[in-house]
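Working notes, structure below.
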Amino acid sequence: MADVEIKRKRTFKKYTYRGIDLDKLLDMTSAELTQLVHCRARRRFTRGLKRKPMALIKKLRKAKRTCPDGEKPEAVRTHLRNMIVTPEMVGSVVGIYNGKTFNQVSLKQNDRPLLGRVLHYV
C-alpha cells in the first residue's frame, strides 16, 4: 500500500507587495501606502488625487456595493489609463479606452504583470 500517493490540495501563492500582503495593504493609511510605492506614484499621491481619479474610485465602490455576493461587479468605463491601482480597487472590473474600444480588465490580486496588480498603472 506504499504505492498509493496521498493527493494534496493545490496551494496558491499569496499576493504580496514588497513583503506586505493585500489584507495589510487595505488596512494601511494613505500616508503609509505612499511610503511603499515608487517615487513617481509617491509624488502623485502626495499631491492628491484630482477630480477624475476620485470619481473613478467612487464609481468602482458603487459597482462593488451593488453587485450580489460571489459575482463580478459591473464594468466601469474610463479613459484614465494613467490611474494607479490602489488596494481598494482589487476585485473590480474596469473598461479601459484604448482610442477605439473599451477593453475590460479585471483587477485581481495576482494577475499577469502590468494588468491590474496593486500599485501599478492600469
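Would it be correct to say that L49 is under 17 Å from Y121 (Cα atoms) and free of Cβ contacts under 8 Å to residues at least 12 places away in the same chain? The answer is yes for L49. Is it the case that some residue within the stretch 22-30 is surrounded by 11 or more Cβ atoms within 10 Å (Cβ to Cβ), within 14 Å of the chain's Cα centre (by Cα), closer than 16 Å to V122 by Cα and touching a residue at least 24 places away in the same chain (Cβ under 8 Å)? Scanning the stretch 22-30 turns up no residue that is surrounded by 11 or more Cβ atoms within 10 Å (Cβ to Cβ), within 14 Å of the chain's Cα centre (by Cα), closer than 16 Å to V122 by Cα and touching a residue at least 24 places away in the same chain (Cβ under 8 Å).
Given the criteria of a type in the set (D, E), open to solvent by 70 Å² or more (accessible area, probe 1.4 Å), touching a Ser or Thr at 6+ places or on another chain (Cβ under 8 Å) and over 21 Å from Y121 (Cβ atoms), does E74 qualify? For E74, the condition - of a type in the set (D, E), open to solvent by 70 Å² or more (accessible area, probe 1.4 Å), touching a Ser or Thr at 6+ places or on another chain (Cβ under 8 Å) and over 21 Å from Y121 (Cβ atoms) - is met. Going through (1) under 29 Å from G19 (Cα atoms); (2) small (G, A, S); (3) open to solvent by 40 Å² or more (accessible area, probe 1.4 Å) one by one, S106 falls short only on (3).
Looking at the stretch 37-56, can you tell me whether even one residue there is of a type in the set (G, A, S) and over 25 Å from N103 (Cα atoms)? Within the stretch 37-56, one or more residues are of a type in the set (G, A, S) and over 25 Å from N103 (Cα atoms). Can you tell me which residues in the stretch 70-104 are assigned to a strand (DSSP E or B) and either at pLDDT below 90 or of a type in the set (V, I, T) (or both)? Those that are assigned to a strand (DSSP E or B) and either at pLDDT below 90 or of a type in the set (V, I, T) (or both): V76, T78, I84, V93, V94, I96.
The values are calculated or read from the model by the stated rules, or taken from the named source; none is laboratory data. Because the structure is predicted, anything quoted here is derived from the model rather than measured. Here Cβ is always computed from backbone atoms with ideal geometry, including for glycine, and neighbour counts include all displayed protein chains. These area figures cover heavy atoms from the full protein model, side chains too; ligands, DNA and RNA do not enter into them. Shrake-Rupley method; radii C 1.70, N 1.55, O 1.52, S 1.80 Å.
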